[in-house]
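Everything on this sheet refers to the single structure shown next.
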Amino acid sequence: MKSFREELWFELPARRAFVNITGQLEGCLQKSGIQEGFLLCNAMHITSSVFINDDEHGLHEDLERWLEKLAPENPHSQYRHNVGEDNADAHLKRTIMGREVVVAVTRGGLDLGPWEQIFYGEFDGERRKRVLVKIVGE
């Protein structure tokens, strides 16, 4: 069995954003040479996420509105975590959206459904963050 590890780095100019990273993960898979196995991709920061969904602008707007209703950024004073920080909402949004995805690798490709894409979700941007890619298999 082989294993491959790479880090993707992000420094987004906005506090919140969704970035389609499917192509970058396919590039990692090609570099790995692994044909059959699994790809793990996880956010290495507690205010960002990796998740699978459709790459549709309206859906992304709906996700943003839904997350903001569940964990509104303001007022910052509503959160006990926000002592010297203002990102408690980002921690909650990450919890809702998840830390990682695991995708099967079949015949050298990501075994995704017809509309599935992999996204990096940023909830407290404007600073450098990383995502781990680990691929294992043969």
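The values are calculated or read from the model by the stated rules, or taken from the named source; none is laboratory data. None of these values were measured; they are calculated from a predicted model. Counting neighbours? That spans all protein chains shown, and the Cβs are built from the backbone with ideal geometry, glycine included. Side chains included, ligands, DNA and RNA excluded: accessible areas come from the protein's heavy atoms. Shrake-Rupley method; radii C 1.70, N 1.55, O 1.52, S 1.80 Å.
Okay, here's what the table says:
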| read-out | value |
| --- | --- |
| Positions within segment 85-107 being under 11 Å from LEU39 (Cα atoms) and either modelled with pLDDT under 95 or open to solvent by 10 Å² or more (accessible area, probe 1.4 Å) (or both), in sequence order | GLU100, VAL101, VAL102, ALA104, THR106 |
| Members of segment 94-119 found to be over 20 Å from PHE4 (Cα atoms) and hydroxyl-bearing (Ser, Thr, Tyr), listed by number | THR95 |
| Those residues of segment 1-13 which are within 17 Å of the chain's Cα centre (by Cα) and open to solvent by 40 Å² or more (accessible area, probe 1.4 Å), in sequence order | ARG5, GLU6, GLU7, TRP9, GLU11, PRO13 |
| Positions within segment 124-138 being at positive phi and in a strand (DSSP E or B), in sequence order | GLY137 |
| Meets criteria (within 14 Å of GLU26 (Cβ to Cβ) and aliphatic (A, V, I, L, M)) for LEU132 | no |
| Qualifying residues in segment 115-130 (those that are among the charged types (D, E, K, R) and open to solvent by 10 Å² or more (accessible area, probe 1.4 Å)) - the one farthest from ASN87 (Cα to Cα) | GLU116 |
| Residue within segment 67-76 that is open to solvent by 60 Å² or more (accessible area, probe 1.4 Å) and on the phi > 0 side of the Ramachandran plot present | no |
| Residue list for segment 14-24, filter: exposed (fewer than 15 other Cβ atoms within 10 Å of the Cβ) and part of a loop (DSSP other than H, G, I, E, B) | ALA14 |
| Residues located in segment 25-41, provided they are open to solvent by 80 Å² or more (accessible area, probe 1.4 Å) and either free of Cβ contacts under 8 Å to residues at least 40 places away in the same chain or closer than 9 Å to GLY137 by Cα (or both) | LYS31, GLN35, GLU36, PHE38 |
